[in-house]
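Visitor: I'd like to ask some things about the structure below.
What follows is calculated from the coordinates using simple rules that are stated; it is not laboratory data. Bear in mind the structure is a predicted one, so any value in this text is a computation, not a measurement. Here the Cβ is made from the backbone with ideal geometry for all residues, glycine too, and neighbour counts use every protein chain on show.
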């Protein structure tokens, strides 16, 4: 750790190159997940990221994943409750992933491992740390760079009008 509080973690086992197309696909997936657009997330983003074959019909899969993802939206700041809920979601997703032709792209596995490692370090220093809240400013800047600001505003309005129903 440096004098100004910066921490640098080098783990060359967690290095990979993510091509621009995959980065854009991840950004779209995150935006669609945050805006609860599960249809697009499942039908388009999962294919663009390489989780599902391009020719796979997601009709049967959409209601299953939508149920799991909707149940995963948890606004609680209680970390124990959130971790238990994430474990339940993980178990449900594992069952679905084994029944359908899912593949996890190698770069995605490394990204999630890296995020898990960084979150663990942050939670040691601050038990109230929320990786989603901490990453939101970067994700928003990235999404604005990829998508237009008006597109994001339109998505937010749609999300809020659906949530208000």
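Visitor: At 0.36 nm per residue, minus the direct Cα-Cα distance, what do residue 47 and residue 128 gain on full extension? Give it in nm, one decimal, please.
Guide: Extra length from residue 47 to residue 128 when fully extended: 25.7 nm.
Visitor: A further question on this structure: Can you tell me the FRET efficiency between residue 57 and residue 6 if r is taken as the Cβ-Cβ distance and R0 is 45 Å, rounded to the nearest 0.05?
Guide: Efficiency, from the Cβ-Cβ distance: 0.40.
Visitor: Once label points are set 7 Å from the Cα along Cα→Cβ at both residue 104 and residue 23, what is their separation, rounded to one decimal in nm?
Guide: 2.3
Visitor: What's the center-to-center distance, using Cα atoms, between segment 36-68 and segment 109-151 in Å?
Guide: Their Cα centres are 22 Å away from one another.
Visitor: On to the next question. Full extension from residue 84 to residue 15: what is 0.36 nm times the residue separation minus their Cα-Cα distance, to one decimal in nm?
Guide: The span from residue 84 to residue 15 would gain 21.9 nm if fully extended.
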